[in-house]
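The values are calculated or read from the model by the stated rules, or taken from the named source; none is laboratory data. Keep in mind it's a predicted model, so treat the numbers as computed, not measured. We place every Cβ from the backbone using ideal geometry, glycine too, and count neighbours over all the protein chains shown.
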Amino acid sequence: MPADVRQAVEARTTIIQNGGRLPTQQVRSLQGSLAGISEIRVRFDNDTYRVCFAAAFAQVVYLLDAGIKKAAHGQENTPLADRQAGGAPS
């Protein structure tokens with residue numbers, strides 16, 4: 001992950017950790033079997049990076065997964081191996 005993206009993620013997790021709220025284009029709650037997990041989104045250099053986290057407490061935010069969004073339109077463009085391995089949601 002590029003350094004600028006890591007810095008943006010760190011700034012956003014700090015806001016969440018301190019009880020702040022991010023704009024809807026930067027964070028969303030996942031649904032269905034992934035309920036309880038939220039996703040931070042960072043746009044950088046024509047790509048979207050996503051970081052999933054499960055819980056935010058006063059002193060800690062548990063990051064579960066991070067990576068670049070691969071699919072342009074849903075899972076049909078995500079490599080089969082990633083879908084079978086339960087890769088990050090698109």
Identify the residue in segment 1-15 that is closer than 22 Å to Lys70 by Cβ and either of a type in the set (Gly, Ala, Ser) or surrounded by 13 or more Cβ atoms within 10 Å (Cβ to Cβ) (or both) and, among all such residues, is modelled with the lowest pLDDT. Met1
Reported set for segment 23-46 where residues are under 13 Å from the mean Cα position of the chain (by Cα) and either closer than 11 Å to Lys69 by Cα or among the aliphatic types (A, V, I, L, M) (or both) is Val27, Leu30, Leu34, Ile37, Ile40, Arg41, Val42, Arg43
So for segment 68-84 (the condition being modelled with pLDDT of 85 or more and surrounded by 13 or more Cβ atoms within 10 Å (Cβ to Cβ)), does at least one residue qualify? yes
Restricting to segment 27-42, and then to whatever is free of Cβ contacts under 8 Å to residues at least 12 places away in the same chain and touching a strand residue (DSSP E or B) at 6+ places or on another chain (Cβ under 8 Å), can you tell me which residue is surrounded by the fewest Cβ atoms within 10 Å (Cβ to Cβ)? Ala35
Ala56 being at pLDDT below 85 and out of contact with any helix residue (DSSP H, G or I) (no Cβ under 6 Å at 6 or more places or on another chain): no
Selection from segment 16-26 of residues that are exposed (fewer than 13 other Cβ atoms within 10 Å of the Cβ) and over 17 Å from Arg50 (Cβ atoms): Asn18, Gly19, Gly20, Arg21
